[in-house]
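The structure appears right after this line, and notes come after that.
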Amino acid sequence: MSKKVLAVYYTQSGQLEEIIDNFTSPLVEAGVSVEKVRVQLTKPFTFPWTTDRFFSVMPDCVLDVPTGVEPFTFKEKTYDLIILGYQAWFLSPSIPFNSLMQDPGLKAILKNTPVITVTGARNMWLNAFVRVKKLLASADAKHVGNIALVDTHPNPVSFVTIFHWMLKGKKDRYLNIFPPPGVSDADIKHTAVFGRTLLPHLANNDWDTLQDEMVKDGAVKLNYNLMVIEGVAGKIFRVWATFISKRKKKAFWLKAFKYYLLIAFWIGAPIVLTLNAIFFRFTTPRRIRAKKQYYTNLN
């Protein structure tokens, strides 16, 4: 198949690269030209993180403050499809992805080009996705698909394991008790199914039903409880980010935010879910359907 596909992404751990490799493997097997560009930063974020370093990026991440990106080039001037990989940091597009989307060369090649977004997240990616959609719209890209892979373990479990992975750099069983963190190997391998679904749409340049077909295959799954928590937390994170960004002694307030996050997760979130269950979940089904549509709509 004489089609040209570009995949652009940033990754620290390598998980997103593995997802994109599996997703594009059917394209490569079908003879599609797949060019992959892994973006690097001029001042890399070290991995594994330290706790202080991880929380220090929160204000810039939430407030869309970019950082420097190493120069990169593309082999072609135009592509039949672009695959954009992104991460959600603090319920926002990661600093590397936001910085990448400011690049004039990428923005030029995105214009009027079909784009599929791909993310691998702990479990909260909705707020980031809404902002990614806006970035694509501002670049006049044609958003034709979205794949969101998550850690499917219970929220408290994945909260513990993700910090083990980020702070130790090991995607293994913490204390030999907890499950491995991140997207499961089975789900990563399953992305090849989405690649096979994509092939006829790419061949015919027909994107109308692609997302619906990928969703049926499991490309996007919404968890109502997480949707509720993220809807509340996203607004609060922005308040914190704005406040901290204006403080001279940021380290103190970043530490305060860290402890707030722990209290909010273990105490605040259960309260929010209980109140929602009492007043909204079973009394406003139309509102809930509209909210789910808002988060899954590509436009």
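The criterion of being touching a residue at least 40 places away in the same chain (Cβ under 8 Å) and under 24 Å from Asp151 (Cβ atoms) does not hold for Val193. Counting only residues that are assigned to a helix (DSSP H, G or I) and touching an Asp or Glu at 6+ places or on another chain (Cβ under 8 Å), the range 135-163 holds 3 of them. When restricted to residues that are touching a helix residue (DSSP H, G or I) at 6+ places or on another chain (Cβ under 9 Å), in a helix (DSSP H, G or I) and aliphatic (A, V, I, L, M), the range 280-299 contains 1. Scanning the range 6-33 for residues that are buried (at least 19 other Cβ atoms within 10 Å of the Cβ) and either aliphatic (A, V, I, L, M) or in contact with a Leu (Cβ under 6 Å, 6 or more places away or on another chain) (or both) returns Leu6, Ala7, Val8, Tyr9, Leu16, Ile19, Ile20, Leu27, Val32.
Rundown of residues vs (1) touching a Leu at 6+ places or on another chain (Cβ under 8 Å); (2) free of Cβ contacts under 8 Å to residues at least 12 places away in the same chain, yes/no style:
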{"residue": "Phe90", "(1), (2)": "no, no"}
{"residue": "Ile116", "(1), (2)": "yes, no"}
{"residue": "Arg131", "(1), (2)": "no, no"}
{"residue": "Arg173", "(1), (2)": "no, yes"}
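Residues in the range 107-132 that are buried (at least 21 other Cβ atoms within 10 Å of the Cβ) and over 12 Å from the mean Cα position of the chain (by Cα): 4 in all. Can you tell me which residue in the range 169-189 is surrounded by the fewest Cβ atoms within 10 Å (Cβ to Cβ), limited to those that are in contact with a helix residue (DSSP H, G or I) (Cβ under 8 Å, 6 or more places away or on another chain) and more than 21 Å from Asn22 (Cβ to Cβ)? Ranking the candidates gives Lys170 first.
Conditions tested, residue by residue: (1) free of Cβ contacts under 8 Å to residues at least 24 places away in the same chain; (2) out of contact with any Lys or Arg (no Cβ under 6 Å at 6 or more places or on another chain); (3) over 24 Å from Leu135 (Cα atoms).
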residue: Ser33; (1), (2), (3): no, no, yes
residue: Lys36; (1), (2), (3): no, yes, no
residue: Leu41; (1), (2), (3): no, yes, no
residue: Thr51; (1), (2), (3): no, yes, yes
residue: Pro59; (1), (2), (3): no, yes, no
residue: Val62; (1), (2), (3): no, no, no
residue: Thr67; (1), (2), (3): no, yes, no
residue: Glu76; (1), (2), (3): no, no, no
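Among the conditions (1) of a type outside the set (Val, Ile, Thr); (2) more than 23 Å from Leu275 (Cα to Cα); (3) open to solvent by 30 Å² or more (accessible area, probe 1.4 Å); (4) within 18 Å of the chain's Cα centre (by Cα), the only one that Asn223 does not satisfy is (2).
Test Lys77 against the criterion of being open to solvent by 70 Å² or more (accessible area, probe 1.4 Å), in a strand (DSSP E or B) and under 18 Å from Ala108 (Cα atoms), and give yes or no.
no
Only one of the numbered conditions (1) modelled with pLDDT of 95 or more; (2) farther than 19 Å from Asn155 by Cα; (3) assigned to a helix (DSSP H, G or I); (4) open to solvent by 40 Å² or more (accessible area, probe 1.4 Å) is violated by Val215, and that is (1). Could you go through the range 259-275 and let me know if any residue there is polar (S, T, N, Q), touching a residue at least 60 places away in the same chain (Cβ under 8 Å) and in a helix (DSSP H, G or I). No, because not a single residue in the range 259-275 is polar (S, T, N, Q), touching a residue at least 60 places away in the same chain (Cβ under 8 Å) and in a helix (DSSP H, G or I).
The values are calculated or read from the model by the stated rules, or taken from the named source; none is laboratory data. Computed from a prediction, not measured in an experiment: that's the story for all the values here. All Cβ positions, glycine included, derive from the backbone under ideal geometry; neighbour counts span all protein chains shown. With ligands, DNA and RNA removed, areas are computed over all heavy atoms of the protein, side chains included. Shrake-Rupley method; radii C 1.70, N 1.55, O 1.52, S 1.80 Å.
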